[in-house]
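Report on one structure; see the data block that follows.
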Amino acid sequence: MKTSRQKDASPEKTKAKIIQAARKVLLKKGNAASTSITDVCAAARITRPTLYHYFKSSRKLFLALHVASMDRDLKPYLEKATSIDDPEERLHFMVRTYMKECICVCPELKVLIHDSLSTNDKQFREVRTVWKKHYTLLASTIEQIQSNGKISPEIKSSWAALFLLGMLTWTTYWFDFSKKDSVDAITDLAETLVFNALALKR
């Protein structure tokens, strides 16, 4: 029979512990290139052989970190957004939820988003695909509202989506994540700026 300590050291819990340690080190170092396996092992209080038992390489570890972040935040958000039929309502939801439940509560996105877009590693294809779905949904949402005559036809929906995502995502570079009481105000401002930028007609 397993002891309670052995149960606590289950493979899934150990992997989650390593991923959490990698997240903390990544935030401290600022980029994946500066985040060493030695640092992660020290943060997780494990040996290198233990880490490599669960993740065969540093790249696989950081891929797992990306996937964990997407599964926790991005995918549920996209699933809810996709289920909203009215495009204007969907746009409100996307801006508010992306800011409030992703950008303003996940400081690691500052590194993860840049890393996923800048790497050509084939292992990250799934990660890039999910982020592309986010962009595609936003662009098509803007286009739908445009077809309803509420946004100027002169605005190119694909460019508008890129501009808006850039603006919202850049928040990770300046937002003080310790000031959780600012999240609602930041979210309100982001929503106002987005709808004013699109000159959306009521």
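Quick notes
- Single match in THR172, THR187, THR136, THR141 (criterion: at pLDDT below 95 and either closer than 27 Å to VAL67 by Cβ or acidic (Asp, Glu) (or both)): THR172
- Total residues in the stretch 68-97 satisfying the condition of being under 20 Å from LEU27 (Cβ atoms) and in contact (Cβ under 8 Å) with a residue 12 or more places away in the chain: the figure is 5.
- Looking across the stretch 15-28, the residues that are out of contact with any helix residue (DSSP H, G or I) (no Cβ under 7 Å at 6 or more places or on another chain) and of a type outside the set (A, V, I, L, M, F, W, C) come down to GLN20, LYS28.
- Qualifying residues in the stretch 57-108 (those that are of a type outside the set (S, T, N, Q) and outside any helix (DSSP H, G or I)) - the one surrounded by the most Cβ atoms within 10 Å (Cβ to Cβ): CYS104
- When the test is whether a residue is surrounded by 14 or more Cβ atoms within 10 Å (Cβ to Cβ), touching a Ser or Thr at 6+ places or on another chain (Cβ under 8 Å) and of a type in the set (Val, Ile, Thr), ILE145 does not pass it.
- Residue match in the stretch 156-165 (condition: loosely packed, with under 11 Cβ neighbours inside 10 Å, over 16 Å from the mean Cα position of the chain (by Cα) and farther than 16 Å from VAL95 by Cα): no
- Residues (polar (S, T, N, Q) and either surrounded by fewer than 16 Cβ atoms within 10 Å (Cβ to Cβ) or over 22 Å from the mean Cα position of the chain (by Cα) (or both)) located in the stretch 28-56: ASN31, SER34, SER36, THR38, THR47, THR50
- Some residue of the stretch 114-132 being at pLDDT below 95 and closer than 24 Å to VAL183 by Cα: yes
- Applying a threshold of 8 Å to beta carbon distances and a minimum spacing of six or more residues, or different chains, the list of pairs starting in the stretch 12-25 at a residue that is farther than 16 Å from SER58 by Cβ and ending at one that is among the β-branched types (Val, Ile, Thr) reads THR14/ILE46; THR14/THR50; LYS17/ILE46.
- Qualifying residue in the stretch 150-158 (condition: hydrophobic (A, V, I, L, M, F, W, C) and within 24 Å of LEU65 (Cα to Cα)): no
- Lone qualifier among ILE151, ILE155, ILE142 - being touching a helix residue (DSSP H, G or I) at 6+ places or on another chain (Cβ under 9 Å), assigned to a helix (DSSP H, G or I) and among the β-branched types (Val, Ile, Thr): ILE142
The values are calculated or read from the model by the stated rules, or taken from the named source; none is laboratory data. Keep in mind the model is a prediction, meaning the values are calculated, not measured. Here the Cβ is made from the backbone with ideal geometry for all residues, glycine too, and neighbour counts use every protein chain on show.
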